[in-house]
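None of the figures in this text is laboratory data; all of them are computed from the coordinates on show. All values derive from a computational prediction rather than experimental measurement. Neighbour counts run over all protein chains shown; Cβ positions are idealised from the backbone, glycine included.
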Amino acid sequence: MAITHAIASGMGGMRTAGDLVARMQMTRGMRIKEAKEYVARKLSVSVTDLSDPFRMTEIRDELGIGLVTPLPGRPMGMEAKFRIAEILGIKINCVNKFKKKANIDR
Amino acid sequence: MPKILTRMGDGFLAEVSEGELRKDLEEGTKDAAERAKVPPLNEDELRHLYDIYRSSAKFTSVDIGDEVVLTYDAGTLKIRRVGIDVGRIHALQIYERLLGADTMELAHVDYSYKAVKPIVGNEQPILEQALLTSTIPLFYGAMPNLGIYSQPDGPVPNASELMPMGKIAEARAAQEEAVELAVKDMVYVGSAMYESGADGINFDTTGAAGDPDFLATLRASKILKAKYPDLCVELGMAGEFILGMHGRLEFEGVRLAGLYPHEQVKLAQSAGVSIFGPVVNTNTSKSCAWNIARAITFIKPCVANATIPVHANMGMGVGGAPVVDNPPTDAISRASKAMVEIGRLDGL
């Protein structure tokens, strides 16, 4: 079920910008069009690029916001989320909790 | 006359004529329009649906660029359900890296807030560790599931036993008591998960036990959003229609029994819900084409009334998907495409 929907209608998560667009829906209540336009603006790409795994892999690697294939030395997981929060201008709860727990919340 | 291969709501592969397919679409939308008192699908929309469902392709999809984002119910349970005994953090990684998930949901196998409450201290470290390794947004989810607050599973008298005895006042009182308990549990677990770093909380199958179930979830959502304004609260429904198990419950002056998705979403918004997940149940005696026309007819006005993202539920037996454990990709992909393109959803 999940993979059928993901391929038929889904953006593809980290393969593209799906997780980023989802974050704009979750944090700012943006509808799909607005969320895509916002993310495209923040990443300096076109809305069409957001769904393109080829283009988004390059962009995600440049910006350090997480890749599906975890290449050595590239930000992933919490590291990537720090960058995502900054680039998108949003609060990510676990990032803020991490800063507090690691005593780097300055 | 060429025959079209199509699915029934129970998953059976059938052959229909072009005329039968058209008739199913027309009757499906008419059924929904009459029940919910909303407009039926127009000619263009029916033609669009017809084109999707007359295709002989095994798989279909939205056009490039029209993709939406996906949220999930019972996310981490689905890998184990097929007998692959992976840990939940690995399950999340499978969804994130292999299955193209835009978001994910950590869940316990006993997928109810009442069941999770006493073990929340064991769930939190799993979530905290998962958040360290995951990049995609992570929800924690479970069901309000008011039924399990009733005896013998729970503490309150069983309304389903009291009602046939004619003890309506007692049944209502029991349900009201269950609401109070459920709100406490949902707020407790939701708070714990937010404090552990969750991006969101998912209330799955809201309304399964009727209007008390819906009320409890609306109240819990409102409390959580007041407490944690930046918490994403996703409220996913159980059915298209709120069953009046109590019949007199209201939220902010609106009676809950009898509400359809376009009305449910307004209350969800009022409660501070961030993402609303309407449900339309599949009729297994009808074709998937009938079911999807019906589902979209319910969903379209819901999307139009919404000021928040709408992610229609499209799992087994809902949203035009057949009621079958091993879902045929032809049926699911058609429903997925139709719902996004005609329903104008923000996600699934």
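Compared with the alpha-carbon gap, the fully stretched path from B:A169 to B:V109 is longer by 18.1 nm at 0.36 nm per residue.
Only lysine pairs 8 or more places apart or on separate chains count here, and in region A:2-101 those with Cα atoms under 14 Å apart total 5. Peptide A:88-101 has a mean of 4 when you count, residue by residue, the C-beta atoms of other protein chains within 10 Å of its C-beta.
Shielding by partners for peptide B:132-145, expressed as the average number of C-beta atoms from other protein chains within 10 Å of each residue's C-beta, is 5. Where does the charge balance sit around B:A257 when Lys and Arg score +1, Asp and Glu -1, over other residues with C-beta under 13 Å from its C-beta? Once all neighbours under 13 Å are counted, the net charge is -1. Measuring spread by the Cα atoms of the protein assembly as shown yields a radius of gyration and Dmax of 21.6, 73 Å.
Taken along the Cα-to-beta-carbon direction at a fixed 7 Å, the label points for B:K227 and B:K30 span 5.0 nm.
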